[in-house]
Amino acid sequence: MNDTATATVRPNRRADGEASRARILEAAGRLFAEHSYDSVSTRRIAKAAGSNLSAIGYHFGGKEELYGAVLHQLVTDTEPMIGPAIARLDAGVADADGDRHKLAEVMAGFLHGLLTSILGTERMRWQMALMLREFHQPSSWFPMLLAERIHPLHDAVAGLVGAARGRPADAPETRLLTAGLIGQCMALGAARRVVWARLDWDEYTPERVDFVIATMVPAVLAMFDLPAVEGSAE
């Protein structure tokens with residue numbers, strides 16, 4: 001085989017390998033989110049991914065390492081949303097300097113972005129379900145999730161919640177309210193079947209996501225005794 005043919009084959013093999021790895025990650029993530037870790041076999045994952053069973057061992061080593069890779073991918077996938085959201089929260093709270101109208105705008109903007117991402121993106125919905133499963137049944141990878149995703153977001157939101165309530169961001173009640181606020185948003189995505197059943201929906205369409213936001217944002221602002229924001233309610 002000449003050099004040109006070799007150069008052509010190697011990138012194709014590399015691309016095929018990356019595509020196979022991505023399919024396995026996607027299939028495993030969806031199955032782990034829907035079922036427990038113990039109930040999902042590597043054979044089932046391979047079948048769902050359209051891959052050979054040996055590909056899991058080749059790319060990841062085993063089931064536990066695959067599960068860890070799924071959670072690392074979740075952190076990577078959510079960074080484009082979470083990273084900028086944390087920056088906006090920190091800057092918004094600092095800029096508000098206690099002004100409740102500005103704090104209300106920061107809260108409304110945060111909720112709008114978070115709910116749009118969670119409810120409007122099908123991939124994000126099953127990833128939130130997987131995170132909630134980790135909350136209930138922590139694995140050995142849970143400390144990684146805490147350090148790289150949960151603590152940074154919660155700290156930023158606690159800064160906003162604390163400012164709204166006139167309490168330190170690290171006060172126990174501030175942290176509790178923060179966990180409840182974020183968990184409520186996550187549950188609207190992860191427990192979507194309950195929401196859909198109660199509202200006689202079959203999907204989160206863009207119009208329905210707007211309805212959820214228009215309903216939830218004023219309620220949260222009122223909970224924190226923050227003034228209404230124009231456009232936050234219908």
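Extension gain for residue 65 to residue 91 (0.36 nm times residue separation, less C-alpha to C-alpha distance): 5.6 nm.
Translational D (Stokes-Einstein, µm²/s) of the chain at 37 °C and 0.692 mPa s when Rh comes from the Kirkwood sum over C-alpha pairs? It would help to have the intermediate numbers written out before the result.
Numbers: Rh = 19.7 Å.
Rounded to a whole number, D works out at 166 µm²/s.
Apply the Karplus parameterisation 6.51 cos²θ - 1.76 cosθ + 1.60, with θ equal to phi minus 60°, to every residue of the range 76-88 and state each ³J(HN,Hα) to the nearest whole Hz, in sequence, with x for glycine and proline. Rounded to whole hertz, the list is 5, 5, 8, 4, x, 8, 6, x, x, 5, 5, 4, 5.
How much length, in nm to one decimal, is gained on full extension between residue 230 and residue 187, taken as 0.36 nm per residue of separation minus their Cα-Cα distance?
Working: separation 43, 0.36 × 43 = 15.48 nm, distance 2.59 nm.
Using 0.36 nm per residue and subtracting the Cα-Cα distance, I get 12.9 nm.
At a threshold of 8 angstrom on Cα-Cα distance, excluding pairs fewer than six apart, so keeping six or more, what relative contact order does the chain reach in percent? That works out to 21 percent. Based on protein heavy atoms only, the range 13-153 ends up with 50 Å² per residue of surface accessible to a 1.4 Å probe.
Largest first, how would 47, 63 line up by accessible area (1.4 Å probe)? Kindly include the intermediate steps, with their values, before the conclusion.
Numbers: 47 175, 63 45 Å².
Result of the area sort, largest leading: 47, 63.
The portion of the accessible surface of the chain made up by carbon and sulfur, rounded to a whole percent, is 54 (1.4 Å probe; DNA, RNA and ligands excluded). Count the net charge of all other residues whose Cβ sits under 10 Å from the Cβ of residue 190, scoring Lys and Arg as +1 and Asp and Glu as -1. Spelling it out: positives minus negatives among the neighbours equals +4. Just the ratio, please: alpha-carbon radius of gyration of the range 18-76 over 2.2 N^0.38 Å, N its number of residues. Taking N as the residue count of the range 18-76, the ratio is 0.96. Given an 8 Å cut-off on Cα distances and at least 6 residues of separation, report the relative contact order of the range 147-219 as a percent. Computed over the range 147-219, the figure is 17 percent.
Can you give the helix-only mean residue ellipticity at 222 nm for the chain, where every DSSP H stretch with n ≥ 4 adds -39500 (n - 2.57) and the sum goes over all residues, rounded to the nearest 500 deg cm²/dmol?
Numbers: 11 runs with 182 residues, N = 234.
Calculated at 222 nm, the ellipticity per residue is -26000 deg cm²/dmol.
Could you sort 79, 26 by accessible area so the largest value comes first, with the probe set to 1.4 Å? Show your work: numbers first, answer last.
Details: 79 85, 26 50 Å².
These residues rank, largest area first, as 79, 26.
Across every pair of non-identical alpha carbons in the range 119-205, the mean reciprocal distance, once inverted, gives a Kirkwood radius of 14.3 Å.
In the elastic network of the chain, a GNM with C-alpha springs shorter than 10 Å, the most mobile of 147, 48, 219 is 147.
The values are calculated or read from the model by the stated rules, or taken from the named source; none is laboratory data. Computed from a prediction, not measured in an experiment: that's the story for all the values here. We place every Cβ from the backbone using ideal geometry, glycine too, and count neighbours over all the protein chains shown. What goes into the accessible areas is simple: the full protein's heavy atoms, side chains included, and nothing from ligands, DNA or RNA. Shrake-Rupley method; radii C 1.70, N 1.55, O 1.52, S 1.80 Å.
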